[in-house]
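Asker: Shown below is the structure under consideration.
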Amino acid sequence: MKKEIIDAGVKTAYDNFYQAHDEAWRMLGAKYKAQNIVDVCRGRTFTKVLEVGAGDGSILHYLDEWNFSADMHALEIAGSGVDIIKSKKLKHVKSVQVFDGYHIPFQDDEFDLVILSHVLEHVEFERMLLREIKRVSKFQLIEVPRDHRYGMDKKMKHFLDYGHINMYTPSSLRFLLQSEGLEILHDKVSMIEPAVSKFNAFVNQKKSKNLLKSLKIDLEYQAKKFAGFISGKKKQEEFANAYTVLTKKATDLHIF
């Protein structure tokens with residue numbers, strides 16, 4: 001009998017999260033995550049695609065709507081997430097399955113592309129999962145939040161409340177992926193869009209909404225974007241809230 005790697009309490013937590021979490025909030029964030037996927041994959045066509053850790057299917061909703069691929073599949077550890085994805089009846093999504101978080105129930109090189117969007121930060125054994133997605137795919141799309149900043153250790157509760165147990169910068173993610181034998185083909189840094197910041201402030205946090213506060217969010221976003229444009233890649237990565245990478249298989253892991 002195969003021993004479960006993910007604790008039962010973790011599975012329950014994600015089940016409850018998808019059942020209780022606000023759909024409008026998840027759909028808004030997913031729209032920009034899906035756009036990052038499209039941007040990084042621009043100019044390439046993927047016939048068969050798998051999303052690992054698909055959540056409630058919010059990203060798949062947009063990829064389906066935008067005809068990203070005619071043959072898409074999903075894996076998710078939470079049964080509630082799988083039920084929600086199935087209920088969406090997405091025309092290009094051919095299968096949706098519960099999995100144990102690490103063992104992907106497909107053959108070697110079965111997929112042109114595997115998507116891992118905002119998953120690695122939740123994964124205890126991240127290299128184990130990366131090796132599995134590398135096994136079943138020709139190309140890999142990984143996006144993580146840029147949580148690794150000064151003082152992050154002072155905000156443990158904040159990150160753990162979101163299930164974030166790994167912290168990344170663009171440099172640290174590149175190191176991880178390349179050390180696992182993945183060649184980086186294209187990447188993108190992105191900041192939180194003003195629409196997301198406004199929803200979080202005025203809906204989630206229930207702050208009073210006025211024109212001045214809304215304008216301040218817009219101006220801060222534009223100021224950081226301009227400063228990054230002027231200063232170059234290093235500053236863009238410092239301002240980034242997420243990092244998206246497209247990779248392909250290159251080598252196996254070699255140490256010493």
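The values are calculated or read from the model by the stated rules, or taken from the named source; none is laboratory data. Owing to the predicted nature of the structure, the values given are computational and were not obtained by experimental measurement. Glycine also receives a Cβ, built like all others from the backbone with ideal geometry; neighbour counts cover every protein chain displayed.
Asker: Among (1) farther than 25 Å from PHE111 by Cβ; (2) of a type in the set (S, T, N, Q); (3) at pLDDT below 90; (4) surrounded by fewer than 17 Cβ atoms within 10 Å (Cβ to Cβ), there is one condition THR251 misses while meeting the rest; what is its number?
Answerer: Going through (1) farther than 25 Å from PHE111 by Cβ; (2) of a type in the set (S, T, N, Q); (3) at pLDDT below 90; (4) surrounded by fewer than 17 Cβ atoms within 10 Å (Cβ to Cβ) one by one, THR251 breaks only (1).
Asker: What helices (runs of 4 or more DSSP H), lying completely within the range 161-256, carry at least 1 residues that are farther than 22 Å from ALA34 by Cβ?
Answerer: 170-179, 211-231, 233-239
Asker: For LEU219, state whether it is crowded, with 17+ Cβ neighbours inside 10 Å, at pLDDT 90 or above and among the aliphatic types (A, V, I, L, M).
Answerer: It is false that LEU219 is crowded, with 17+ Cβ neighbours inside 10 Å, at pLDDT 90 or above and among the aliphatic types (A, V, I, L, M).
Asker: Could you please give the count of residues in the range 195-212 that are within 30 Å of PRO170 (Cβ to Cβ), surrounded by fewer than 16 Cβ atoms within 10 Å (Cβ to Cβ) and out of contact with any Leu (no Cβ under 8 Å at 6 or more places or on another chain)?
Answerer: So the answer is 3.
Asker: Let me ask something additional. Considering only the range 108-128, how many residues are part of a strand (DSSP E or B), out of contact with any helix residue (DSSP H, G or I) (no Cβ under 7 Å at 6 or more places or on another chain) and not aliphatic (A, V, I, L, M)?
Answerer: 1
Asker: Can you confirm whether the range 92-106 contains a residue that is crowded, with 21+ Cβ neighbours inside 10 Å, polar (S, T, N, Q) and either under 22 Å from LEU173 (Cα atoms) or in contact with a His (Cβ under 8 Å, 6 or more places away or on another chain) (or both)?
Answerer: no
Asker: Might you let me know whether the range 37-55 holds any residue that is among the small types (Gly, Ala, Ser) and under 24 Å from SER197 (Cβ atoms)?
Answerer: Within the range 37-55, one or more residues are among the small types (Gly, Ala, Ser) and under 24 Å from SER197 (Cβ atoms).
Asker: Then there is this: Mind listing whichever residues of the range 89-127 are among the aliphatic types (A, V, I, L, M), free of Cβ contacts under 8 Å to residues at least 40 places away in the same chain and over 16 Å from TYR62 (Cα atoms)?
Answerer: VAL98
Asker: Given the conditions (1) of a type in the set (D, E, K, R); (2) surrounded by fewer than 22 Cβ atoms within 10 Å (Cβ to Cβ); (3) under 16 Å from the mean Cα position of the chain (by Cα); (4) outside any loop (DSSP other than H, G, I, E, B), and given that GLU143 satisfies all but one, which numbered condition is not satisfied?
Answerer: Evaluating GLU143 over (1) of a type in the set (D, E, K, R); (2) surrounded by fewer than 22 Cβ atoms within 10 Å (Cβ to Cβ); (3) under 16 Å from the mean Cα position of the chain (by Cα); (4) outside any loop (DSSP other than H, G, I, E, B) leaves (2) as the failure.
Asker: Continuing with this model, one more query. What residue, of THR12, THR47, is within 23 Å of LEU129 (Cα to Cα) and at pLDDT below 95?
Answerer: It is THR12.
Asker: May I ask you to list the residues in the range 159-171 that are within 18 Å of GLN140 (Cα to Cα) and surrounded by 15 or more Cβ atoms within 10 Å (Cβ to Cβ)?
Answerer: TYR168, PRO170
Asker: Quick one: TYR62 ticks every box in (1) closer than 21 Å to ALA242 by Cβ; (2) of a type in the set (Ser, Thr, Tyr); (3) under 19 Å from the mean Cα position of the chain (by Cα); (4) at pLDDT below 95 except a single one, so which number is it?
Answerer: Only one criterion is unmet by TYR62, namely (4).
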